[in-house]
(Lines give C-alpha, C1' and ligand atoms only; values in the text may rest on other atoms or scores of the structure.)
Protein backbone atom coordinates (compact mmCIF):
# COMPACT_ATOMS: atom_id res chain seq x y z
CA UNK A 1 0.00 0.00 0.00
CA UNK A 2 1.55 3.26 -1.14
CA UNK A 3 0.66 6.39 0.80
CA UNK A 4 0.66 9.69 -1.04
CA UNK A 5 3.86 11.69 -0.52
CA UNK A 6 3.16 15.18 0.79
CA UNK A 7 4.48 18.00 -1.38
CA UNK A 8 5.43 21.58 -0.63
CA UNK A 9 2.57 24.01 -1.19
CA UNK A 10 5.00 26.55 -2.67
CA UNK A 11 7.50 24.72 -4.86
CA UNK A 12 5.88 21.27 -5.22
CA UNK A 13 8.92 19.30 -4.02
CA UNK A 14 8.17 16.08 -2.16
CA UNK A 15 8.50 16.52 1.61
CA UNK A 16 9.91 13.36 3.18
CA UNK A 17 9.80 13.44 6.95
CA UNK A 18 9.66 10.98 9.80
CA UNK A 19 7.40 13.31 11.80
CA UNK A 20 4.10 14.77 10.70
CA UNK A 21 4.54 18.43 9.79
CA UNK A 22 2.29 21.28 10.78
CA UNK A 23 3.34 23.35 7.80
CA UNK A 24 2.53 22.58 4.16
CA UNK A 25 5.96 23.99 3.13
CA UNK A 26 9.35 22.36 2.73
CA UNK A 27 12.31 23.59 4.81
CA UNK A 28 13.55 25.79 1.97
CA UNK A 29 10.21 27.55 1.47
CA UNK A 30 9.05 27.92 5.08
CA UNK A 31 11.54 30.72 5.81
CA UNK A 32 10.46 32.64 2.75
CA UNK A 33 6.80 32.14 3.66
CA UNK A 34 7.15 33.27 7.29
CA UNK A 35 9.39 36.17 6.31
CA UNK A 36 6.70 37.55 4.01
CA UNK A 37 3.94 37.35 6.60
CA UNK A 38 3.40 40.81 8.17
CA UNK A 39 1.87 39.24 11.31
CA UNK A 40 4.83 36.90 11.78
CA UNK A 41 7.35 39.69 11.15
CA UNK A 42 5.57 41.93 13.69
CA UNK A 43 5.58 39.11 16.25
CA UNK A 44 9.32 38.43 15.72
CA UNK A 45 10.11 42.15 15.86
CA UNK A 46 8.21 42.58 19.13
CA UNK A 47 9.92 39.53 20.65
CA UNK A 48 13.39 40.82 19.65
CA UNK A 49 12.65 44.32 20.99
CA UNK A 50 11.46 42.83 24.28
CA UNK A 51 14.59 40.66 24.50
CA UNK A 52 16.95 43.56 23.71
CA UNK A 53 15.20 45.87 26.21
CA UNK A 54 17.24 44.07 28.90
CA UNK A 55 20.66 45.84 29.06
CA UNK A 56 22.47 42.57 29.85
CA UNK A 57 20.90 40.82 26.87
CA UNK A 58 21.73 43.80 24.64
CA UNK A 59 25.37 43.79 25.78
CA UNK A 60 25.64 40.02 25.26
CA UNK A 61 24.05 40.32 21.80
CA UNK A 62 26.38 43.15 20.81
CA UNK A 63 29.39 41.16 22.04
CA UNK A 64 28.34 38.03 20.13
CA UNK A 65 27.67 39.88 16.89
CA UNK A 66 30.85 41.95 17.20
CA UNK A 67 32.94 38.85 17.90
CA UNK A 68 31.39 37.09 14.93
CA UNK A 69 32.07 40.02 12.64
CA UNK A 70 35.69 40.35 13.82
CA UNK A 71 36.19 36.59 13.37
CA UNK A 72 34.72 36.69 9.85
CA UNK A 73 36.95 39.62 8.91
CA UNK A 74 40.04 37.89 10.33
CA UNK A 75 39.31 34.54 8.68
CA UNK A 76 38.06 35.74 5.30
CA UNK A 77 40.07 38.46 3.53
CA UNK A 78 37.53 38.61 0.69
CA UNK A 79 34.77 39.41 3.18
CA UNK A 80 36.92 42.11 4.80
CA UNK A 81 37.71 43.67 1.42
CA UNK A 82 34.04 43.58 0.41
CA UNK A 83 33.07 45.42 3.62
CA UNK A 84 35.78 48.03 3.04
CA UNK A 85 34.61 48.57 -0.53
CA UNK A 86 30.97 48.89 0.55
CA UNK A 87 32.03 51.46 3.14
CA UNK A 88 33.89 53.44 0.50
CA UNK A 89 30.89 53.34 -1.84
CA UNK A 90 28.52 54.57 0.89
CA UNK A 91 30.97 57.35 1.72
CA UNK A 92 31.16 58.40 -1.93
CA UNK A 93 27.39 58.58 -2.25
CA UNK A 94 27.17 60.82 0.84
CA UNK A 95 24.14 58.76 1.83
CA UNK A 96 21.79 60.77 4.01
CA UNK A 97 23.64 64.07 3.62
CA UNK A 98 21.67 65.25 0.61
CA UNK A 99 18.40 65.15 2.55
CA UNK A 100 19.87 67.08 5.46
CA UNK A 101 21.42 70.35 4.26
CA UNK A 102 23.62 72.47 6.51
CA UNK A 103 21.59 74.36 9.08
CA UNK A 104 18.78 71.81 9.36
CA UNK A 105 17.87 70.79 12.93
CA UNK A 106 19.24 67.25 12.67
CA UNK A 107 22.65 68.49 11.44
CA UNK A 108 22.77 71.15 14.19
CA UNK A 109 21.99 68.50 16.80
CA UNK A 110 24.58 66.14 15.31
CA UNK A 111 27.20 68.91 15.46
CA UNK A 112 26.41 69.64 19.10
CA UNK A 113 26.59 65.98 20.03
CA UNK A 114 29.83 65.50 18.11
CA UNK A 115 31.35 68.54 19.82
CA UNK A 116 30.21 67.33 23.23
CA UNK A 117 31.78 63.93 22.57
CA UNK A 118 35.09 65.37 21.36
CA UNK A 119 35.27 67.88 24.20
CA UNK A 120 34.09 65.50 26.93
CA UNK A 121 37.40 66.05 28.74
CA UNK A 122 36.70 69.80 29.01
CA UNK A 123 34.13 71.14 31.51
CA UNK A 124 31.30 73.05 29.83
CA UNK A 125 32.28 76.41 31.32
CA UNK A 126 35.77 76.19 29.73
CA UNK A 127 34.71 75.10 26.24
CA UNK A 128 34.31 78.64 24.89
CA UNK A 129 37.85 79.45 26.08
CA UNK A 130 39.16 76.29 24.40
CA UNK A 131 37.42 77.13 21.12
CA UNK A 132 38.76 80.70 21.25
CA UNK A 133 42.31 79.40 21.74
CA UNK A 134 42.04 76.98 18.83
CA UNK A 135 40.13 79.14 16.35
CA UNK A 136 41.15 82.73 17.11
CA UNK A 137 44.56 82.32 18.73
CA UNK A 138 45.64 79.59 16.30
CA UNK A 139 46.91 77.14 18.95
CA UNK A 140 47.03 73.47 18.12
CA UNK A 141 44.40 71.36 19.87
CA UNK A 142 46.95 69.64 22.13
CA UNK A 143 48.47 72.98 23.19
CA UNK A 144 45.05 74.52 23.81
CA UNK A 145 44.05 71.50 25.88
CA UNK A 146 47.16 71.88 28.04
CA UNK A 147 46.41 75.59 28.54
CA UNK A 148 42.81 74.82 29.56
CA UNK A 149 43.87 71.99 31.86
CA UNK A 150 46.37 74.35 33.53
CA UNK A 151 43.61 76.97 33.86
CA UNK A 152 41.29 74.38 35.45
CA UNK A 153 44.00 73.43 37.95
CA UNK A 154 44.71 77.10 38.76
CA UNK A 155 41.00 77.83 39.21
CA UNK A 156 40.62 74.79 41.48
CA UNK A 157 43.53 76.00 43.62
CA UNK A 158 42.07 79.53 43.73
CA UNK A 159 38.66 78.12 44.71
CA UNK A 160 40.25 76.08 47.50
CA UNK A 161 41.89 79.23 48.85
CA UNK A 162 39.05 81.77 48.42
CA UNK A 163 35.82 79.78 48.01
CA UNK A 164 34.96 81.76 44.86
CA UNK A 165 34.83 80.13 41.44
CA UNK A 166 37.05 82.26 39.17
CA UNK A 167 35.46 80.80 36.05
CA UNK A 168 32.00 82.03 37.03
CA UNK A 169 33.38 85.53 37.71
CA UNK A 170 35.15 85.51 34.33
CA UNK A 171 31.89 84.59 32.56
CA UNK A 172 30.03 87.40 34.32
CA UNK A 173 32.60 89.94 33.14
CA UNK A 174 34.04 90.74 36.57
CA UNK A 175 37.83 90.90 36.95
CA UNK A 176 39.24 87.63 38.25
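So, of the residues in segment 80-108 that are assigned to a loop (DSSP other than H, G, I, E, B) and surrounded by 11 or more Cβ atoms within 10 Å (Cβ to Cβ), which turns out to be nearest to the chain's Cα centre (by Cα)?
The first filter runs over segment 80-108 and keeps only residues assigned to a loop (DSSP other than H, G, I, E, B), leaving 94-104.
Narrowing the set further to residues that are surrounded by 11 or more Cβ atoms within 10 Å (Cβ to Cβ) leaves 100, 104.
Working: 100: 19, 104: 21 Å.
Restricting to residues being assigned to a loop (DSSP other than H, G, I, E, B) and surrounded by 11 or more Cβ atoms within 10 Å (Cβ to Cβ), the top hit is 100.
If I ask for residues that are part of a helix (DSSP H, G or I) and either in contact with a helix residue (DSSP H, G or I) (Cβ under 6 Å, 6 or more places away or on another chain) or at pLDDT below 90 (or both), which ones from segment 17-40 would you list?
Once the filter is applied, which keeps residues that are part of a helix (DSSP H, G or I) and either in contact with a helix residue (DSSP H, G or I) (Cβ under 6 Å, 6 or more places away or on another chain) or at pLDDT below 90 (or both), segment 17-40 yields 27, 28, 29, 30, 31, 32, 33, 34, 35, 36, 40.
For segment 148-161, which residues satisfy the criterion of being surrounded by 14 or more Cβ atoms within 10 Å (Cβ to Cβ) and either over 31 Å from the mean Cα position of the chain (by Cα) or not assigned by TED's automatic domain parsing to the domain that holds residue 125 (or both)?
151, 152, 155, 158, 159
Here are 46, 50, 72, 60: which of them is assigned to a helix (DSSP H, G or I) and either in contact with a helix residue (DSSP H, G or I) (Cβ under 6 Å, 6 or more places away or on another chain) or surrounded by fewer than 10 Cβ atoms within 10 Å (Cβ to Cβ) (or both)?
72
Could you grab me the full set of residues in segment 109-120 that are surrounded by 10 or more Cβ atoms within 10 Å (Cβ to Cβ) and either outside the structural domain of residue 151 (by TED's automatic domain parsing) or over 18 Å from residue 94 (Cβ atoms) (or both)?
Once the filter is applied, which keeps residues that are surrounded by 10 or more Cβ atoms within 10 Å (Cβ to Cβ) and either outside the structural domain of residue 151 (by TED's automatic domain parsing) or over 18 Å from residue 94 (Cβ atoms) (or both), segment 109-120 yields 109, 112, 113, 115, 116, 118, 119.
The values are calculated or read from the model by the stated rules, or taken from the named source; none is laboratory data. Every value quoted in this text rests on a predicted model; they were computed, and no experiment measured them. With ideal geometry, Cβ positions are generated from the backbone for all residues, glycine too; neighbour counts draw on all protein chains shown.
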